[in-house]
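Read through the structure below, which is laid out as structure tokens, and then see the notes.
The values are calculated or read from the model by the stated rules, or taken from the named source; none is laboratory data. Just so it is clear, the structure is predicted and the values come from calculations on it, not from any experiment. Protein only, heavy atoms only, side chains kept; ligands, DNA and RNA dropped before computing areas. Shrake-Rupley method; radii C 1.70, N 1.55, O 1.52, S 1.80 Å.
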Amino acid sequence: NQHILDSTPTLAARNLAAGMFSGTCNPAGRWFKLKIGRQDSTQTNPTSLWLAECERLLTLIFHESNFYTSMATLLFDLVVFGSASMIIYEDFENVIACYNPCLGEFYLENNFKFEADVLYREFTLTISQLVEEFGIENVSPSNARLYRQGGTSLTREVVVAHAIEPNTDARKFGIPDHFKFREVYWEWGGSASPQGGSSFSPGLLRKGGYHEQPQCSARWDLVSNDAYGRCPAMDALPDNKQL
């Protein structure tokens, strides 16, 4: 940002992202409707009453969680970079919790339908955050030692690797094959690869399976088998440099 001396393109990107947010998932309006066949929630019968209650609960979840905040971030990243991603987890307090991987931290890969069904990323956590998220029994002995030392050791940063991908070779990874997707966290420098059967080498933090993909990746314009999109900000880049 220190190279940008005129705010015109930046404000234009924010206006575009705000317009997309308002047009697709406006929190102040009704932007989705549940429907089964020809029955929807605007009619009056047992099915429509059930649909209306589901809509009410979903709306409440979206408002009480950080869904709208994460969607705003995703759309702004989509406008500026052409690619963006959001991970949605189950959460005990707010039903769902959304996370936006930072641009430059994640990698995408397409399946045969050219859909991004693979996400790999690396990011940093402090020792304190690492233990809080994964448990001291799952972190490496060296990091567990730093946590027990306390003090400034708790703020030391650790690089964590994260993978979400189709659950192929499920038995090899020790994840039941009825899960369509698997997720693995490991400490960078360790390994998430199995060593003979279901045992894993040191560094594995957590593994699990999902019936549905927990991440959604948006791309603005795709050409052929591109994993990453092209966006309006790329068109504005020469003018931005000139300003």
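So here's what we get for this one:
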| read-out | value |
| --- | --- |
| Solvent-accessible area per residue, Å², over the chain with all protein chains present [probe radius 1.4 Å] | 61 Å² |
| Within a Gaussian network of the chain (alpha carbon springs, distance under 10 Å), most fluctuating of GLU90, GLU187, GLU165 | GLU90 |
| Shape box of the range 110-183 [Cα atoms, principal axes, largest first, Å] | 50, 24, 15 |
| Anisotropy class of the range 1-75 from Cα gyration tensor, a/c 1.5 cut | prolate |
| Cα gyration tensor shape of the chain, rounded if a/c is under 1.5, else prolate or oblate by comparing a/b with b/c | oblate |
| The chain - percent of accessible surface contributed by carbon and sulfur, probe 1.4 Å | 54 percent |
| Solvent exposure ordering (accessible area, 1.4 Å, most first) of TYR89, TYR185, TYR120 | TYR120, TYR89, TYR185 |
